[in-house]
1. Only one of these is within 16 Å of Lys14 (Cβ to Cβ), in contact (Cβ under 8 Å) with a residue 60 or more places away in the chain, surrounded by 12 or more Cβ atoms within 10 Å (Cβ to Cβ) and touching a strand residue (DSSP E or B) at 6+ places or on another chain (Cβ under 7 Å): Tyr70, Tyr87. Name it.
2. Please work out which one of (1) surrounded by 13 or more Cβ atoms within 10 Å (Cβ to Cβ); (2) assigned to a helix (DSSP H, G or I) is the condition Arg153 fails and give its number.
3. Filter region 28-67 down to the residues that are out of contact with any strand residue (DSSP E or B) (no Cβ under 8 Å at 6 or more places or on another chain) and in contact (Cβ under 8 Å) with a residue 24 or more places away in the chain and list them by number.
4. If we scan region 76-83, do we find a residue that is surrounded by 15 or more Cβ atoms within 10 Å (Cβ to Cβ), in contact with a helix residue (DSSP H, G or I) (Cβ under 8 Å, 6 or more places away or on another chain) and closer than 24 Å to Ala147 by Cα?
5. Which of the residues that make up region 4-51 are under 18 Å from Tyr103 (Cβ atoms) and out of contact with any helix residue (DSSP H, G or I) (no Cβ under 7 Å at 6 or more places or on another chain)?
6. Could you please find all residues in region 144-163 being more than 14 Å from the chain's Cα centre (by Cα) and not aromatic (Phe, Trp, Tyr)?
7. Among (1) in contact with a Gly (Cβ under 9 Å, 6 or more places away or on another chain); (2) free of Cβ contacts under 8 Å to residues at least 60 places away in the same chain; (3) buried (at least 16 other Cβ atoms within 10 Å of the Cβ), there is one condition Glu119 misses while meeting the rest; what is its number?
Amino acid sequence: MSIDMSTKELGVFKDSINKALFADKDIITFLCGDTTGKKQSEVIVIYKKHVKSHLFVEDTLQDSDSYIFYDVTLPNVDSQIKQYVIYMYLVCSRNVIDDISNYAGYIGNRADLLAQLVEHALILDEDVANKFGIGKLQLQSVDIYNAKDVCGRILTFTGYAYR
């Protein structure tokens, strides 16, 4: 009897996160601008400039804009169940952080708005929420991210999966 490697699921979770974010039209509009008339391949290129499956923030930024960085850990693995934690850094360049003029009805800055969009995409969208292991993802914490050129939010989600 062979047991699947627990670490393989790190990539599976990253793939699921990426698909959920890319499927959310509000996130695409927020990060990529108006994509009307663009081919999906063109939108993917723009999207990939803004969404990264690692946490190397400062050295990766190309423009004064908004970005999503994420990674997954497995802090607890027992014989039957493993816990996974998703860290999402939602960062905006300091010179655009307060520009939410195109988003009536939202309160806060661009990082706050991006946090709301990501929360919706991962845990409030019922179609997505049930695709992460056992049950739904849980938002565990929201923290502040500050660096030289960017600031934003750190969202921490937890979930469980069978081993």
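Laboratory data are not the source of any read-out in this text; all were calculated from the coordinates shown. It should be emphasised that the depicted structure is a prediction, and the values quoted were computed from it without experimental measurement. Note that we place each Cβ from the backbone using ideal geometry, even for glycine, and neighbour counts take in every protein chain shown.
1. On the way: Tyr70 fails: in contact (Cβ under 8 Å) with a residue 60 or more places away in the chain.
Residue meeting the stated conditions: Tyr87.
2. For Arg153, the exception is condition (2).
3. Residues of region 28-67 out of contact with any strand residue (DSSP E or B) (no Cβ under 8 Å at 6 or more places or on another chain): 28-29, 32-49, 59, 62.
The answer is Tyr47, and nothing else.
4. No, region 76-83 contains no residue that is surrounded by 15 or more Cβ atoms within 10 Å (Cβ to Cβ), in contact with a helix residue (DSSP H, G or I) (Cβ under 8 Å, 6 or more places away or on another chain) and closer than 24 Å to Ala147 by Cα.
5. Just the residues of region 4-51 that are under 18 Å from Tyr103 (Cβ atoms), to begin with: 21, 24-36, 50.
Correct list: Lys25, Thr29, Gly33, Asp34, Thr36.
6. Ile144, Asn146, Ala147, Lys148, Asp149, Val150, Cys151, Gly159, Ala161, Arg163
7. (1)
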